[in-house]
1. For residues that are part of a loop (DSSP other than H, G, I, E, B) and polar (S, T, N, Q), scanning just the stretch 72-122, find the one that is nearest to Ala57 (Cα to Cα).
2. Identify all residues within the stretch 69-99 that are in contact with a Pro (Cβ under 9 Å, 6 or more places away or on another chain) and surrounded by fewer than 13 Cβ atoms within 10 Å (Cβ to Cβ); write none if there are none.
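No lab work stands behind these numbers, since they all come straight from the coordinates. Since this is a predicted model, take the numbers as computed values, not measurements. Neighbour counts are summed over all protein chains in view; Cβ atoms, including those assigned to glycine, are modelled from backbone coordinates with ideal geometry.
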Amino acid sequence: MRALVLLAALLGLSQSHAFVATPSAVRSQAFTQRSEVFMGANSGRKCQMTGRGPNNANAISFSHRVSSRKQGINLHTKKIYSPELNGWVRMKLATKTMKTIDKYGIDATARKYGVDLAKYKL
């Protein structure tokens, strides 16, 4: 931090004009970048609509030894017609999300979870 202030002084900037990244600002910027890349190539087994992923759980043996395990999510690749886009959309969806889509429709569900369906249009 002191080096940034000295650099700003050398460049003729006052301290009010020099941007100093605080740890909280860096953390929030990293979180924003991660949330923007919500469903990338390395997203793993997650629902592309809700972001629902695997659950951490314990495997308990007969002798009651406890070890950690993952409870996988029930994902299916589905092709669904979107009336607003006037076309088909292909997404990996959890069965719970499919029930929500059956109840409210795909466009209303996408609005609820803030998903841009145009990214998934065929």
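1. The selected residue is Asn74.
2. Passing the criteria: Lys70, Gln71, Gly72.
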